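We did not get these values from a lab; they are worked out from the coordinates using the rules stated. The model shown is predicted, which means the values in this text are computed figures rather than measured ones. Glycine also receives a Cβ, built like all others from the backbone with ideal geometry; neighbour counts cover every protein chain displayed.
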Amino acid sequence: MRQLKKEVKVLDTAVCILVVDDDAEVRKTLSLILENEGYSVQTAKDGKQAIKASERGFFDLALIDIKLPDMDGTELLERLKEKGPKMVKIMITGYPSLANTIKAVNKGADGYILKPFDTWKLLKMIRKHLNEKSAEHVRTWMEKVQMK
């Protein structure tokens, strides 16, 4: 018997998430969790791979590790913001500090979560930001319709 896979959708399209972390186990774990929730997931082990992935396709949300081997996660945050200004960007880190939090928020992070992460809290944060994004799309569409 074939198992049907549910897909999470924002305005009738599958939600695509980019997971950027140098730790293969973190990438694998996040992929399994997110795919189980119905999200389409792509992973990158460093900033360079993440930038290439963002040039090849659109992502609704990115989970970005603060410490990457080739660049600081906040630098990647800025680069992804240029390529996809409407992309939700959530920073993940095993190195919590007030300085990292402030830097990430100032560079445009939509959220910040600590490793080891609580799966329920992470999914709640993702849903919250995607729901806000979906509501924003609907408002924009309604405004365009009303202008005509």
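Can you compute the charge dipole magnitude of the range 9-147 about its Cα centre, using +1 on each Lys and Arg Cβ and -1 on each Asp and Glu Cβ, nothing else charged? Give it in debye, rounded to the nearest 20.
240
Going 7 Å from the Cα of N36 in the Cα-to-Cβ direction, what parts of the range 107-136 have a backbone nitrogen less than 15 Å from that spot?
Correct set: 117-124.
Based on other C-beta atoms within 10 Å, arrange R79, R27 from fewest to most.
R79, R27
State, to one decimal in nm, how far the label point of Q146 lies from the label point of A99, with both points 7 Å from Cα in the Cβ direction.
Between Q146 and A99, the simple spin-label model gives 4.7 nm.
Please compute the modelled spin-label separation between T29 and L123, points set 7 Å along Cα→Cβ, answer in nm with one decimal.
Placing both labels 7 Å beyond Cα along the Cβ direction yields 1.6 nm.
Please list the non-local residues whose amide H lies under 5 Å from the amide H of T43, H modeled 1.01 Å from N, same-chain partners needing a gap of 5 or more.
V19
Once both labels are modelled 7 Å past Cα along the beta-carbon direction, what's the A14-I113 spacing in nm?
In this crude label model, A14 to I113 measures out at 2.1 nm.
Rank the residues D22, D118, D110 as a footprinting-exposure proxy: fewest other Cβ atoms within 10 Å of their Cβ go first.
Ranked by crowding around the Cβ, least crowded first: D118, D22, D110.
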